[in-house]
Structures are given as structure tokens and as C-alpha cells.
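Read-outs: derived from the displayed coordinates by stated rules, not from any lab. Please read all numbers here as calculations on a predicted model, not as lab measurements. Glycine also receives a Cβ, built like all others from the backbone with ideal geometry; neighbour counts cover every protein chain displayed.
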Amino acid sequence: MSNPRKVSRIILSQIASDGAGVKLRRSIGTGQISELDPFLLLDNFGTENPDDYIAGFPSHPHRGFETVTYMIDGQMRHKDSTGAEGVLGPGSVQWMTAGRGIVHSEMPEQTEGKMSGFQLWVNLPAKDKMCKPRYQNIDPEDVPVVALEKATLRVLAGSVKGPDGMIAGPVTGVATDPIYIDVALAPGGGYLHKIPEGHTAFVYVFEGSIDVGGRTVDQHNLAILSDGNGISLSSEEGGRAILVAGRPIGEPVARYGPFVMNSNEEIRQAVHDFQTGNF
Ligand code: MN
């Protein structure tokens, strides 16, 4: 790795509430950092108290971007305006391209007293904002698990060099050419991942603590990475994080709740289309 990335900024996630009172930790999409092009929001939901989330995210719209749900524990039942319905179980991924518009509900369900996971919002370039909605629902058994010495990788998007060659994640055809890897390090473990230069990249630590490019990042913290062609992760005590990267879009962002477009006029149109049932 000729040009290793470093941590350029660490942000402690904020406890927030969304949907019908779901408690979560938000790191991107707050007053501290409203966006990290192409990423618009990152929520880590997780609690053992059902009262914190059981009312879920009742029917709501999206237009102009993608929502990515990754379940660690528990389940999320989803239902939408295209007639699709399903349950995301532990380890599953849903990469939803809202495009011109979708109305859906996301209702968490506990399994063995646990419910946790992530929701990431990924922007779409102007040319794709009004595309036909698309779902990639990926079952846990279709997420490759790469077991290295003292490191276990779950490859959602992008590819990883395994013992027998490159292993690609199941998510494909996304405009921002994303990387999304769940990295679990045993005590003393380490992992080095290549990231294309120019991609925006971050690491969010959700268990233990991880040394990211030479800097310690504790649980519940987001580490934004400088540019470069890779990042080294290691941990003395053990830890688990998501490593996410994507190509920046570099276009104006007009944002109003669940609508993310390029101009205020397009936002007004989105609100009008939703209110008149034209999603
Ligand atoms: Mn949603």
C-alpha cells in the first residue's frame, strides 16, 4: 500500500430518535456532519429494550437516493408500494434504490432479545434520481464470509482478497461503486483493505475498539478517512466495525426529510408527487 489512508476526523455518534420513536445512534446526517458525499446518513440501531424500537418506521416515502439496511441481530419486516414484502433476518442486507419514489414501512422485530443493525443512505447522481425503484435483498447465506487469521470479514459490497483469490460481495450495479465490509477482529487481529483513490471512506466501530491507520477509534465512533489507496485496521482487545467507501458524486444536494434531489424545485415536485399519490 503505497499511499495509506489515515483518520482525518473522528465523530462520536449522537443518540437520536426516528420513525415512530426508534432510538438509534446517528453519525452522518447530524449537525456535526450533514453529509459525506456520497453518503447522506448513517444510523446504528441496537438495543435490548423492545420499547426503544418496536413502533418501528411506519409507512414513509423516499425519492432520489438509496437506503441500505444491514441487520446484525433481530429482524426487519418491510413492505412497500410496489407490493414487495419480506423479512430481513440477522446478517441480511437490503440495498434499496428508491429512484423516482417508493413508499414503504420498516418494522423491527427482536430475535432472542436482540435487535441491531445499520441503515446507510447513499446518494444517486442526477441521471439516476428518477430511475425505476430497485431492490437487492440479500440473504445471510449469500454474504461471503472470509475467515483470515484473527479477522472475519463479511463482504456486502466490493471485494476482498481471500486465501484462494478475490471474493466479491453480492451487491452490484450501484452508481457510486461502493465498498461495504463488516470487519470483526479478534484480539491481536489486523486487516488491510485497498480502497480506490478518490473514494470517500469511513470506518464505524460498533464493538470494542479498533486502531484505524494508526489512530484508536472507540465504540460508537465514526472515523472519516483521508484519501489514499488503502487502510489498515488492527485491534489489541478485539473489535468490530463497518468499512464503507464510495465514489463522491459532486453535485448540489437539496434535501428535505426522505427526499434528496439536486434543486429545491425538484424537492417541491417530490412533495407534490407524494401528496398527490404519484409515487
Ligand atoms: Mn425507509
Between Lys6 and residues 5 or more places away or on another chain, the pairs with built amide H atoms under 5 Å apart involve Ser226
Once phi is turned into ³J(HN,Hα) by the Karplus curve 6.51 cos²θ - 1.76 cosθ + 1.60 with θ = phi - 60°, what whole-Hz value does each residue of segment 57-68 show in order, with x for glycine and proline? 10, x, 2, 8, x, 9, 8, x, 7, 10, 10, 10
For the chain, find the longest principal axis of its Cα atoms and tell me its angle to the long axis of helix 264-275, 0 to 90°, nearest 10. 70
A correct Karplus calculation of ³J(HN,Hα) over segment 236-246, with 6.51 cos²θ - 1.76 cosθ + 1.60, θ = phi - 60°, whole Hz and x for Gly and Pro, returns 6, 9, x, x, 9, 8, 9, 10, 10, 8, x
What do you get for GluC sites (Glu not before Pro) in segment 140-240 restricted to DSSP loop and a cutoff of at most 15 other Cβ within 10 Å of the site's Cβ? Glu149, Glu197, Glu236, Glu237
Given Ser234, Pro178, Leu148, which one lies farthest toward the positive end of the charge dipole of segment 143-248, if we put +1 on the Cβ of every Lys and Arg and -1 on the Cβ of every Asp and Glu? Pro178
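Output the direction-averaged projected area (hull surface divided by four) of the convex hull of the alpha-carbon atoms of segment 56-192, in nm². Kindly include the intermediate steps, with their values, before the conclusion.
Details: hull surface 36.3 nm².
Orientation-averaged projected area of the Cα hull: 9.1 nm².
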If the reach is capped at under 19 angstrom between alpha carbons, list the aspartates and glutamates near Lys129, excluding any in the same chain fewer than eight residues apart. Glu35, Asp37, Glu66, Asp80, Asp177, Glu251, Glu265, Glu266, Asp273
Given backbone amide H placed at 1.01 Å from N, residues whose amide H is under 5 Å from that of Arg77, ignoring those fewer than 5 places away on the same chain, are Leu88, Met107, Glu109
Provide the per-residue ³J(HN,Hα) series for segment 120-128, in order, calculated from phi with Karplus coefficients 6.51, -1.76, 1.60 and θ = phi - 60°, each as a whole number of Hz, with x at glycine and proline positions. 10, 9, 10, 6, 10, x, 3, 5, 10
Along the three principal axes, how long is segment 187-279 when you take its alpha carbons, biggest first, rounded to the nearest angstrom? 57, 27, 17
Lys161: which lysines have alpha carbons under 28 Å from its alpha carbon, excluding same-chain residues fewer than 8 sequence positions away? Lys6, Lys150, Lys194
Would you mind calculating the relative contact order of the chain from Cα pairs under 8 angstrom and at least 6 residues apart, reporting the percent as a whole number? 20
In vacuum, with every alpha carbon of the chain counted as one equal point scatterer, what does the Debye formula give for log10 I(q)/I(0) at q = 0.10, 0.16 Å⁻¹? Two decimals, please. -0.49, -1.33
Using the Cα centre of segment 50-158 as origin and beta-carbon charges of +1 (Lys, Arg) and -1 (Asp, Glu), tell me which of Ile72, Ala126, Thr82 is placed farthest towards the positive end of the dipole. Ala126
Say R0 is 35 Å: what FRET efficiency, to the nearest 0.05, do Asp37 and Glu112 get from their beta-carbon distance? 0.40
Dipole size in debye (nearest 20) for the chain around its Cα centre, Lys and Arg Cβ +1, Asp and Glu Cβ -1? 640
Report the calculated FRET efficiency for Ser226 and Lys150 (r = Cβ-Cβ distance, R0 = 30 Å), to the nearest 0.05. 0.70
Using a Gaussian network model of the chain with C-alpha springs under 10 Å, which one of Pro163, Pro58, Pro248 is most mobile by mean-square fluctuation? Pro163
Gained length - Val271 relative to Thr82, 0.36 nm times residue gap less alpha-carbon distance: 66.2 nm
Thinking of segment 126-181 as a set of Cα atoms, what percent of all their pairs are more than 17 Å apart? 44
In cubic angstrom, how much convex hull volume per residue do the alpha carbon atoms of segment 143-248 span? 87
Tell me the relative contact order for segment 120-231 as a rounded percent, counting alpha carbon contacts under 8 Å between residues six or more apart. 19
Nonlocal amide H pairs with Cys131, under 5 Å, H built at 1.01 Å: Arg100
